[in-house]
Amino acid sequence: FLAGFGSFMQDVLWCFSQVKGTIDTGVTEADIISTVEFNHTGELLATGDKGGRVVIFQREQESKNQPHRRGEYNVYSTFQSHEPEFDYLKSLEIEEKINKIRWLPQQNAAYFLLSTNDKTVKLWKVSERDKRPEGYNLKDEDGRLRDPSMITMLRVPVLRPMDLMVEATPRRVFANAHTYHINSISVNSDYETYMSADDLRINLWNFEITNQSFNIVDIKPANMEELTEVITAAEFHPHHCNTFVYSSSKGTIRLCDMRTAALCDRHAKFFEEPEDPSNRSFFSEIISSISDVKFSHSGRYIMTRDYLTVKVWDLNMENRPIETYQVHDYLRSKLCSLYENDCIFDKFECVWNGSDSVIMTGSYNNFFRMFDRNTKRDVTLEASRENSKPRAILKPRKVCVGGKRRKDEISVDSLDFSKKILHTAWHPSENIIAVAATNNLYIFQDKVN
C-alpha cells in the first residue's frame, strides 16, 4: 500500500472489527462516539463518547494458529472520565461529553492520556496489576482493621498472583481555567507542557501544575459586540516546542512562536486563501470555517478541513494552499437544506497517514474519503453494518448528481445526513484506520495477499 495508493482503488480494505454499539435503533445520545485516537505506537486505540466514557482497545498479538485475526483490537479498559456538572454561578449545565483525547508517549509500563470535556482536562494513568499483597499486620484478608491487642506476631506481606486487572486512575485534574468551551488539547513535543484551546483563548499548562495555567492567546475583544471570529482548533508543532497553530471560524490559520512574546496575539505567519468572488454566497462564511487543523508528521505541512474541502498548506507559503481536495462538492446545491437542519455546522476532522502521503476525512451517509497526494487519486468508502462483514472487501462508492444513475451509484438526494463520519484516526505506522459512525467503531486494514 505504501508503495502506491492505487491499491485502494482495487477494493483492498478489510473490515475486521466492529465494536461499541449493537443495534442502531437502540442508540442513546450517551453512546455516540465523540473522539477517536491511536497512541504513539498504535497498540492502543481510545474512544470517548457523549456519556463521558473512555474505552481503550488493545491490539492482539499476531497468532500463528489464527492468522486471519491479524492484529485485531479488543477492549482493554473502560472507565468513566467525566461526569455531568452544573455551574451554579452561571446557571449552566456542563456536559460530560469527551471532546478530545490525546496520548502521552509511553515512558514506563503504564500508559497516560489526556481527556477533556467542555471545561475540565484530566490526566489518566492506565496500568496493569497481576499481583496483590497479602499478609498485612494491621488488616485482615478482607481489609478490615484488626484489634492491635490480638496481634501476637509480626508478618511479612507477600505478593500473590491474581487475574490481570487494568486500572485507570486520575493523576491530575486541570480545571477552572476556561470561560468558554474547550475544543482542542495538544501535547507539546517537550512532553512537559500541553495547551488547551476554547473559543477565545488558548492556555499553556505544565503537567505537574494543576492550579494555574499561562494564557498564550486571547482574542476576546473589549466589547463582545465586536466579536467577528472564534478559535476552532489548535495544535503544537510535532518537533518544535515553541511553535503552534490555531484556526478560526473565518477560515484563517495563524502560526505563533512562543519565543517572540509571552502573549502570542501577534502571529508569526498568517495563512489565508483569497475568496473567489464568483463563489460568494450567503453560506460562504459558514462553510469556510475551519473545523480541524493538523500538522503533518514531518512538520512541514498543515492540513485544514472546512465544510466542503481539505486543504494542505506549506509552512513557507501563506497566500494559498498547495493542495485542495473536494470532499463532497455535490452538496453545494444542498446548502440551504443543510443550513435548515443544522448539518452545515458539523465539525469534520481530518488525519494523515504515517508517511503524510494520504489524507482521510469523513462525509455523510457513513462515507469517508481518502486522497493520495502523490497520484491525486481519491476514493469514497462506506462504513456500514450491511456491507462490512469481517475480512470483507470494501467497494468504492460513487455519488450521482442528476442525470442517469448507474447501478452501483447513490443519488445525492438519497444520502442520509443523520449518518455522518466526524471522527477518524490512522495508525501511526501501518495502514489501519479507525472510523466512528454514530455509536459504532469500525476498524479497517489494507488487504494482505
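The values are calculated or read from the model by the stated rules, or taken from the named source; none is laboratory data. Everything numeric in this text was worked out from a predicted model, so none of it was measured. Cβ placement follows ideal geometry from the backbone for every residue including glycine, while neighbour counts extend to all protein chains displayed. The accessibility values were calculated without ligands, DNA or RNA, using every heavy atom of the protein model including side chains. Shrake-Rupley method; radii C 1.70, N 1.55, O 1.52, S 1.80 Å.
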Legend entry - Set of lysines near Lys376 by C-alpha distance (under 19 Å), chain-local residues within fewer than 8 positions excluded: Lys311, Lys398
Inset, instruction - Any chance you could list P(r) for segment 290-449, counting all Cα-Cα pairs in 5 angstrom bins from zero, rounded to whole %? - result: 2, 8, 17, 21, 21, 15, 10, 4, 1, 0
Legend entry - Neighbourhood net charge (15 Å Cβ-Cβ; Lys/Arg +1, Asp/Glu -1) for Gly135: +3
Legend entry - segment 175-333: radius of gyration and largest Cα-Cα distance (Dmax), Å: 16.0, 52
Legend entry - Per residue, in Å², the accessible surface of segment 348-388 once ligands and nucleic acids are set aside, probe 1.4 Å: 28
Legend entry - Computed FRET value (nearest 0.05) for Asn242 with Arg132, which takes r as the C-beta separation and R₀ as 51 Å: 0.65
Legend entry - Ratio of Rg to Rh over segment 224-298 (Cα coordinates, Kirkwood Rh, two decimals): 1.02
Inset, instruction - DSSP loop (so not H, G, I, E, B), at most 15 other Cβ within 10 Å: list which trypsin sites (Lys or Arg not before Pro) in segment 85-182 pass both filters. - result: Lys90, Arg144, Arg146, Arg155
Legend entry - Calculated [θ] (222 nm, deg cm²/dmol) that DSSP helices of n ≥ 4 give over the chain, each run adding -39,500 (n - 2.57): -500 deg cm²/dmol
Legend entry - Loop-resident sites, segment 191-233, for chymotrypsin sites (Phe, Trp or Tyr not before Pro), counting at most 15 other Cβ within 10 Å (DSSP): Tyr191
Legend entry - Carbon/sulfur fraction of accessible area - segment 267-406, other protein chains in place, 1.4 Å, %: 48
Inset, instruction - Using the Karplus curve 6.51 cos²θ - 1.76 cosθ + 1.60 with θ = phi - 60°, work out ³J(HN,Hα) for each residue of segment 181-187 in order, rounded to whole Hz, and write x for Gly and Pro. - result: 6, 6, 10, 8, 9, 8, 7
Legend entry - With every protein chain in place, segment 107-164: carbon and sulfur % of accessible area (1.4 Å): 55
Inset, instruction - Give the accessible area for Leu92 in Å² (nearest 10); use a 1.4 Å probe, count only protein heavy atoms, and leave out ligands, DNA and RNA. - result: 70
Inset, instruction - Evaluate the Kirkwood expression for the hydrodynamic radius of the chain, namely the inverse of the mean inverse distance over all pairs of different C-alpha atoms, and round to one decimal in Å. - result: 23.8
Legend entry - GluC sites (Glu not before Pro) within segment 113-198: DSSP coil, no more than 16 neighbouring Cβ in 10 Å: Glu141, Glu192
Inset, instruction - Could you work out the local net charge near Asn279, counting Lys and Arg as +1, Asp and Glu as -1, over the other residues with Cβ closer than 15 Å to its Cβ? - result: -2
Legend entry - Per residue accessible area in Å² of segment 90-241, where ligands, DNA and RNA are left out and the probe is 1.4 Å: 57
